[in-house]
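Notes follow the structure.
The values are calculated or read from the model by the stated rules, or taken from the named source; none is laboratory data. A quick note: this is a predicted structure, and the numbers were derived from the prediction, not measured. Quick reminder, even Gly has a Cβ in these numbers, built from the backbone with ideal geometry, and neighbours come from all protein chains shown.
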Amino acid sequence: MLSRKWVLLDFIHRCNNFRFFKQIHAQLLTSGIVRDELVVNKVAEFLGKFVEFVEYGCDILKQNDWCISSFPSNLLISSYASSDTPRVAFLVYRRIVRDGFMPDRYTFPVVLKSCTKFLGSGEGRQVHGVVVKMGFKGDVFVGNSLVHFYSVCGDFCAATRVFDDMLVRDVVSWTGLISGYVRAGLFDEAVALFLRMDVRPNVASFVSVLVACGRMGYLSLGKGIHGLIFKRVGMDLVVGNVIMDMYVKCECLSEAKQIFDELPERDIVSWTTMISGLVQCEHPKESLELFHKMHGSGIEPDRFLLTTVLSACASLGALDYGRWINEYIYLRGIKCDTHIGTAMIDMYAKCGCVEMALQTFNGMPYKNVYTWNALLGGLAMHGHGHEVLKHFEEMIKSGMRPNEVTFLSILTACCHSGLVDEGRRYFYQMVSRQHNLSPRLEHYGCMVDMLCRAEILDEAQELIKIMPMSPDVRIWGALLSACKASGNIELSQEILDRLLEHETQDSGVYVLLSNIYATNQRWAEVTRVRRLMKDKGIKKAPGSSVIEVDGKAYEFLAGDTSHPRNEDVHILLNILANQVYLEGHFSVPFLII
């Protein structure tokens with residue numbers, strides 16, 4: 001009998017066909033060893049692989065004496081909970097309980113795991129009720145499962161209540177609630193709970209609170225946790241990536257780069273975190289250089305990283321690099337989803353290739369509001385005002401609901417194209433019942449700029465008066481530009497007084513005001529404005545230009561002589577300047593020094 005048992009167990013272990021298993025089951029029944037605990041466990045393990053034969057599995061378990069062991073039933077539920085159809089686990093639990101099975105402290109966690117996976121809020125609450133009724137409320141293992149379940153389902157009142165009612169809490173209890181807060185974006189609550197911890201945090205605790213610190217910009221706390229991790233658990237790849245992300249979110253690129261350089265190995269997350277951080281902190285040139293280095297290391301970029309790199313190309317106007325990314329996506333067979341497509345439209349538009357932006361847009365099977373905004377913004381940037389309005393009407397007809405950014409593109413297009421009447425109409429359409437959007441400062445700024453360009457200063461000033469927020473330096477700058485064109489010195493002086501109230505550090509408006517006074521030969525006022533800039537420590541930001549050569553972006557600042565080929569650049573510029581002179585565009589040649 002013993003040898004037959006081991007033969008049948010071996011058959012079950014090697015079986016991968018349900019029809020063959022039925023034959024083995026028949027042998028188990030006729031041999032009388034079907035109730036053997038080891039056999040039942042093996043049967044439950046096998047049945048957990050076949051979700052389609054749930055009823056058969058439950059019938060076999062019903063034949064088992066549940067008083068002997070709950071392990072086979074828990075094993076079957078656990079197998080279904082880990083499958084692609086976790087709801088089946090709850091159905092099995094409900095069925096076997098109805099047949100007489102008594103769940104224990106190991107049953108509830110696996111059932112709650114299944115409820116968590118299919119977000120079965122109602123089913124999980126039923127299980128919670130049974131937990132309380134059967135007296136497992138104080139079990140830390142069950143309590144942790146309930147905290148995790150409620151956190152994932154977004155019921156933080158219930159999760160916190162379960163947590164507070166737990167008589168014993170371990171690190172899993174604390175970490176479960178902290179990570180739940182982080183997933184829901186409740187970062188302050190996560191940090192506060194971490195600071196209350198009365199047990200030693202583990203790696204998961206540190207990772208969760210570091211994410212919260214990064215999102216909230218809590219640099220000091222993040223640095224402190226970094227120090228604790230260094231002392232207690234050391235630095236592995238996952239932890240290193242999270243610490244680097246925290247520094248990136250806090251805009252501490254030097255610290256992030258140091259972590260990046262010290263990582264013993266790097267995965268796609270490491271590279272993506274550092275490259276996207278450089279883009280977010282407005283260092284697109286460095287991000288492209290790092291991406292080039294990553295590509296040389298053999299790591300394949302994913303869709304998210306390609307979207308980020310396209311954004312860097314758009315910032316720099318690096319058209320060749322952007323085209324290379326486009327070709328890379330095509331050759332690798334990467335699905336061009338809305339994120340990549342939108343980034344590509346934005347890149348082509350900002351690099352001046354409006355036709356390619358339109359071609360990409362028209363080739364996209366699905367477009368969201370961000371896709372439309374990228375196209376409208378790109379067309380507006382290049383002065384295609386009527387095209388913007390035409391595509392906006394197509395957007396409305398397609399059923400896409402515009403947002404605040406959409407109307408900002410519309411107003412920008414009207415401003416740059418001098419479409420004053422259309423600008424007024426769309427501004428009031430924005431706040432109408434149809435769209436019910438509240439204009440932000442940028443929208444008022446566009447309207448003021450549009451009216452000032454059209455020399456309708458009275459209406460511009462009236463609009464500023466009725467704005468629900470205080471005008472910023474850009475709005476006053478638009479008025480100043482209009483004053484310069486019309487020679488309105490009195491209004492310029494009034495704007496200067498307003499700027500003094502704002503304590504602005506924007507050099508552009510002061511330079512503009514100085515130029516207005518200089519145009520009218522009011523040299524004493526010019527001196528006063530320049531002195532005011534000096535007293536406030538305001539310096540005129542140098543002009544810059546970016547040029548792409550062989551896929552690499554080079555930035556030049558006005559007056560900067562630090563480029564390694566500075567002399568060669570100036571020699572070539574002198575040659576070009578003389579050629580321009582010889583073609584009759586200037587009365588005298590000039591020398592660039």
* For I334, all conditions in the list (1) at pLDDT 95 or above; (2) not in a helix (DSSP H, G or I) hold save one; what is the number of the exception? -> (1)
* Is region 398-406 home to any residue that is under 21 Å from L451 (Cα atoms) and of a type in the set (D, E)? -> yes
* To do: Test D320 against the stated conditions and say whether it is surrounded by fewer than 20 Cβ atoms within 10 Å (Cβ to Cβ), closer than 21 Å to T338 by Cβ and of a type outside the set (V, I, T).
  => no
* Structure fact -> From the option list M344, M356, single residue qualifying as touching a Gly at 6+ places or on another chain (Cβ under 9 Å), part of a helix (DSSP H, G or I) and closer than 16 Å to L319 by Cα is M344
* Being farther than 17 Å from G341 by Cβ and either touching a residue at least 60 places away in the same chain (Cβ under 8 Å) or in a loop (DSSP other than H, G, I, E, B) (or both) narrows it down to one of G383, G423, so name that one. => G383
* Asked: Within region 527-541, which residues are of a type outside the set (K, R) and either exposed (fewer than 14 other Cβ atoms within 10 Å of the Cβ) or modelled with pLDDT of 65 or more (or both)?
  -> T527, V529, L532, M533, D535, G537, A541
* Condition check for E300: in a loop (DSSP other than H, G, I, E, B) and among the acidic types (D, E) -> yes
* To do: Go over the candidates L288, L310, L306 one by one and state the one that is surrounded by 21 or more Cβ atoms within 10 Å (Cβ to Cβ), in contact with a strand residue (DSSP E or B) (Cβ under 9 Å, 6 or more places away or on another chain) and more than 27 Å from Y218 (Cα to Cα).
  => L288
* Asked: Could you list, in sequence order, the residues of region 556-579 that are charged (D, E, K, R) and at pLDDT 75 or above?
  -> E567, D568
* Structure fact -> Counting only residues in region 107-131 that are closer than 12 Å to A81 by Cβ and of a type in the set (G, A, S), the one surrounded by the fewest Cβ atoms within 10 Å (Cβ to Cβ) is identified as G120
* Which pairs have Cβ atoms under 9 Å, sit 6 or more apart or on different chains, and link a residue in region 242-254 that is over 11 Å from V211 (Cα atoms) to one that is of a type in the set (F, W, Y) and buried (at least 23 other Cβ atoms within 10 Å of the Cβ)? -> L253/Y247; S254/Y247
* To do: Report, by residue number, each residue of region 323-337 that is hydroxyl-bearing (S, T, Y) and surrounded by fewer than 15 Cβ atoms within 10 Å (Cβ to Cβ).
  => Y330
* **For Y348: the one exception among (1) of a type in the set (S, T, Y); (2) crowded, with 23+ Cβ neighbours inside 10 Å; (3) closer than 22 Å to V269 by Cα** => (3)
* To do: Pairs only if they're at least six apart or on different chains, beta carbon under 9 angstrom, first in region 205-224 and more than 16 Å from V171 (Cβ to Cβ), second of a type in the set (S, T, Y) and buried (at least 23 other Cβ atoms within 10 Å of the Cβ); list them, first residue then second.
  => A212/Y181; G214/Y247; L219/Y247; G222/Y247; K223/Y247
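Would you mind stating whether G378 is in a loop (DSSP other than H, G, I, E, B) and closer than 30 Å to I396 by Cα?
No, not satisfied.
For E282, indicate whether it is under 22 Å from Q258 (Cα atoms) and part of a loop (DSSP other than H, G, I, E, B).
Working: under 22 Å from Q258 (Cα atoms): yes; part of a loop (DSSP other than H, G, I, E, B): yes.
Yes, satisfied.
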